[in-house]
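Below is one structure, written out as structure tokens; comments come after it.
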Amino acid sequence: MALIAIAADKGSPGVTTTAVALAAVWPRRTLLAETDPAGGDLVYRSAAAHGGPLNPNTGMLSIAATARRGLVPDQLWDHVQPLSGGLEVLVGLGSAEQAAGLAGLWPTLGRAFAQLADSEHAPADVIADCGRISGDTPAVEMFAQAALVLLVARTAPESIARVRDRAAALTTKLHGGPRGAAAPGTPLVGVVLIADPGDSAKIVRQVDDMLTAARTGARVVGTIAEDPAGADQLAGRRRGRLDKSLLIRSARKVTADLYQQFGAAWSVPDGGPDGVPNGGPSGVPNGARPAGAGR
């Protein structure tokens with residue numbers, strides 16, 4: 001299993017929505033970790049499994065004290081809360097000021113996330129919502145432990161230019177310099193585009209060509225549909241069949257493509273600790289109603 005870090009360069013392209021959507025349809029047990037140093041959003045937009053609000057003090061904030069004494073991967077589960085649809089979440093910090101409590105601990109967190117695959121009791125992939133990143137963002141210190149670093153971008157020219165430059169900077173930081181398309185590094189730096197489904201194929205080709213020409217070492221790994229209605233359903237602000245939404249259908253396609261390409265390297269059998277595939281009442285793995293949609 002693996003750590004998949006999801007981030008953006010600037011603005012609000014939809015990192016949290018993308019992370020939640022991918023976690024909701026991920027084919028094995030998944031822990032969604034809100035690791036944005038600027039603070040998390042799910043405590044404000046999501047309901048807990050018991051129907052009430054999530055506890056903002058249980059998650060990244062509570063794990064800070066534990067991690068200073070050393071962190072065994074299984075300890076992560078002591079700080080996790082289930083959402084109303086069953087998705088297990090490590091709730092983010094309440095504010096950027098609280099990130100000071102995690103100073104120096106980001107590599108420790110990255111190792112624990114990556115090693116959760118080796119748990120004898122509850123192995124899981126970790127999808128980390130890292131928010132916006134820059135050269136000095138501390139969450140980047142986890143990236144060396146990741147199997148994939150996915151940069152989310154919209155398709156406006158300025159967004160594409162920024163994701164190209166950020167991908168190149170990450171390749172230099174993680175791998176020591178630029179790389180051609182034939183020499184991808186580990187972790188792989190990929191780009192997920194938020195796009196109109198009708199235009200996505202053409203845009204993917206154009207962005208891939210640009211990433212290759214700039215020797216970023218990155219490539220487009222998929223597109224997530226621009227679907228405001230689906231995003232509202234995912235956040236619990238709108239009723240409807242979330243599993244039929246363009247958002248969830250596109251997230252399924254991204255996860256299927258990732259597993260086709262990299263699944264052999266993530267060799268722990270599918271399913272939860274008993275080997276039973278994860279599933280939920282809506283027919284989407286992990287429930288696909290993580291934020292209380294349909295309540």
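Some notes on this structure:
- Residue within region 29-39 that is closer than 19 Å to Q233 by Cβ and among the small types (G, A, S) present: no
Condition check ((1) among the aromatic types (F, W, Y); (2) buried (at least 21 other Cβ atoms within 10 Å of the Cβ); (3) within 29 Å of S250 (Cβ to Cβ)) across all residues:
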position: A5; (1), (2), (3): no, yes, yes
position: T18; (1), (2), (3): no, yes, yes
position: A33; (1), (2), (3): no, yes, yes
position: V43; (1), (2), (3): no, yes, yes
position: G51; (1), (2), (3): no, no, no
position: R69; (1), (2), (3): no, no, no
position: P82; (1), (2), (3): no, no, yes
position: A103; (1), (2), (3): no, no, no
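- Residue in region 182-207 that is farthest from A168 (Cα to Cα), counting only those that are modelled with pLDDT of 90 or more and either in contact with a Gly (Cβ under 7 Å, 6 or more places away or on another chain) or part of a loop (DSSP other than H, G, I, E, B) (or both): I194
- Residue in region 74-89 that is among the small types (G, A, S) and either assigned by TED's automatic domain parsing to the domain that holds G222 or not in a loop (DSSP other than H, G, I, E, B) (or both) present: no
- Note on region 113-143: among residues that are within 16 Å of A23 (Cα to Cα) and not small (G, A, S), the one that is farthest from the chain's Cα centre (by Cα) is P123.
- Test: residue in region 107-118 that is surrounded by fewer than 21 Cβ atoms within 10 Å (Cβ to Cβ) and part of a loop (DSSP other than H, G, I, E, B): no
- Residue that is surrounded by the fewest Cβ atoms within 10 Å (Cβ to Cβ) [pool: residues in region 119-139 that are part of a loop (DSSP other than H, G, I, E, B) and touching a strand residue (DSSP E or B) at 6+ places or on another chain (Cβ under 6 Å)]: I133
Quick grid of which residues meet (1) aliphatic (A, V, I, L, M); (2) free of Cβ contacts under 8 Å to residues at least 24 places away in the same chain; (3) within 24 Å of T137 (Cα to Cα):
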residue	(1), (2), (3)
R69	no, yes, yes
D74	no, no, no
W77	no, no, no
A103	yes, no, yes
A112	yes, no, yes
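The values are calculated or read from the model by the stated rules, or taken from the named source; none is laboratory data. This one's a predicted model, so the numbers in the text were calculated from it and none came from an experiment. Backbone-built Cβ (ideal geometry, glycine too); neighbour counts: all protein chains shown.
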